[in-house]
Amino acid sequence: MYKVLLVDDEPMIREGLKTLIPWEELGFRVIDTAVNGQDALQKCGQIVPDLMIADIRMPGMNGLELIKTVRTMSSNMHILILSGYADFEYAKQAIVHRIDGYLLKPVDEDELAEYLLKLREQLDMEYASQDQYPEVRTLEWDSAVQDLLLGDVSLSSGYAELERRFPWSCYEVVLIKHLPNGETQTVLPAMIKNKLKETFDEQERGIAFSLEPYIGIVVKDGLKDEQKLNSVYHDILAASKEHNLDFFAVSGGEVFSWSDIAISYRRALELMKNKFFLDSGSITQSSNPYPIFIPAAEQNQNLDELFGAATETLYLALEIGNLPASRQLIQNTAEVMYRCGCKEDEIKTRFVQMFSTILDKLTHNRSEMHSLEIRAGLLESYKETRYMGLIERLAAIAEGMANSMENSGTDKQIKRMIDVIHRNYGENLKLEKLAELFNYNSAYLGKLFRQATGEHFNTYLDKVRIEQAKTLLEQGLKVYQVAEKVGYANVDYFHTKFRKYVGTSPTGYKKM
């Protein structure tokens, strides 16, 4: 049976044609119907009909536009068009696109049957000239593969012929998922599949197929070595680059009969679920997916605590201007989240929250920070389709935040360190942490700090905090509120420090 696709925006005409014509008696079978030109293009790529019957007048993409586009996908498809009397002259324009004829509405059943008989004779001759096996001359191999991938050998009328025609040593399913590039995507998958059919089917290296939303290849004799893996990847790359499309490619591993290719397909689907974490530039194989290590300690780690510490450290790294430390921190934090089982959306959301918190702190005393632009860039991070792409974007945002502060500071490390203390006295500042971010030994940095200020680091920090505490007490804040704001988690410890530097208790100071 030859495959037919009916295309008309009127349901009554679609159903009428489908039911009133004795299709199978004439050697045809209506495989599917389409409601408009865009729908027809998508289905042409999936089912590859032998004959398309399409209305010339449809909303959106009309019949002429549909035929023009179909001819870029398939030069062999037969086409009949339907038109009303008012469209008769318009319909004749389609002749230049090699249509097989046109029928006036309402369709005369006998006239259509006569067309179909002539087309059947022509199709018989075309398939005979291609030297296809007589019993499977109307069979499209990709359709047979689609049925097998659904997991039921009995669904595939071509299973026995696949076994006989392609007795390979093994079979390996490669799935390809293309990423949108902002342009219309209706016709591109079909065009890419046709390119892959030229590369694999016609060269007897495999069979290309479509199974929405994927394009796939059953690779002859599997991806046995690195050379073949790279060769197949570059063939996919070449077909995709013509249309400027990025893609993910995964393999389900080898199986040893056509009846088992659904197993390879399911393995590939499992890999595709984590496509965000897959590397670009290669086909990820089921035997070698992106590494997943989930140490027990990290499984039980509280992610909120992790992000609190990471946010604090990243904030200080940006204050200091240590971009390598910032990048490494971003990457390490993402790795821990991944190993703890976080999915793509959660990773992105937590990073946006982290950067928003840091931005609020950095802009508090800085009018020069372009916070709206930075926030807009943060939202764009949700569009990243790859894990490493997200890391790169966040590192670039961090670099932009650090660069926007360059004019307000100094290159001298100790002065920058003092600046950090005066702006962040309420944070959990430790000499060891700052030394790491400044790329110094902590003892050496402490010595440099004492030489420049005449004070030990902790003493200088305490004095800055106490001076700020006096101001807050004068404003009427309660003692425990002041202690928290200036960086003392323990109120009793705050009392001790305050009395040491002021000579009286915080309460006594309020009464003075």
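The values are calculated or read from the model by the stated rules, or taken from the named source; none is laboratory data. What you are looking at is a predicted structure, and each value in this text was computed from that prediction instead of being measured. Reconstructed Cβ throughout: ideal geometry from the backbone, glycine too, with neighbour counts over all protein chains shown.
So here's what we get for this one:
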quantity: Extreme residue, surrounded by the most Cβ atoms within 10 Å (Cβ to Cβ), among residues of region 237-280 that are charged (D, E, K, R) and part of a loop (DSSP other than H, G, I, E, B); calculated: Asp246
quantity: Complete set of residues in region 486-512 that are hydroxyl-bearing (Ser, Thr, Tyr) and within 20 Å of Gln475 (Cβ to Cβ); calculated: Tyr488, Tyr501, Thr504, Ser505, Thr507, Tyr509
quantity: Leading residue by the ranking (surrounded by the fewest Cβ atoms within 10 Å (Cβ to Cβ)) among those in region 13-51 that are among the hydrophobic types (A, V, I, L, M, F, W, C) and farther than 19 Å from Glu111 by Cβ; calculated: Val35
quantity: Cross-chain or 6+ apart pairs with Cβ under 9 Å, region 163-177 first and under 15 Å from Ala208 (Cβ atoms), then among the acidic types (Asp, Glu) and assigned to a helix (DSSP H, G or I); calculated: Tyr171/Asp260
quantity: Subset of region 154-165 (residues that are buried (at least 20 other Cβ atoms within 10 Å of the Cβ) and modelled with pLDDT of 70 or more); calculated: Leu162
quantity: Subset of region 402-441 that is at pLDDT 80 or above and of a type in the set (Lys, Arg) - its residue that is nearest to Leu359 (Cα to Cα); calculated: Arg423
quantity: Residue within region 360-373 that is at pLDDT 85 or above and either assigned to a helix (DSSP H, G or I) or not assigned by TED's automatic domain parsing to the domain that holds Ala483 (or both) present; calculated: yes
quantity: For Asp55: the one exception among (1) within 23 Å of Ala144 (Cβ to Cβ); (2) buried (at least 17 other Cβ atoms within 10 Å of the Cβ); calculated: (1)
quantity: Residue tally, condition closer than 22 Å to Leu323 by Cα and in a helix (DSSP H, G or I), over region 425-443; calculated: 9
quantity: Count of region 121-153 residues which are at pLDDT 85 or above and among the charged types (D, E, K, R); calculated: 1
quantity: Residue tally, condition touching a strand residue (DSSP E or B) at 6+ places or on another chain (Cβ under 8 Å) and more than 21 Å from Phe277 (Cα to Cα), over region 233-260; calculated: 6
quantity: Restricting region 281-302 to residues that are surrounded by 13 or more Cβ atoms within 10 Å (Cβ to Cβ) and modelled with pLDDT of 80 or more, the residue that is farthest from Ser356 (Cα to Cα); calculated: Gln285
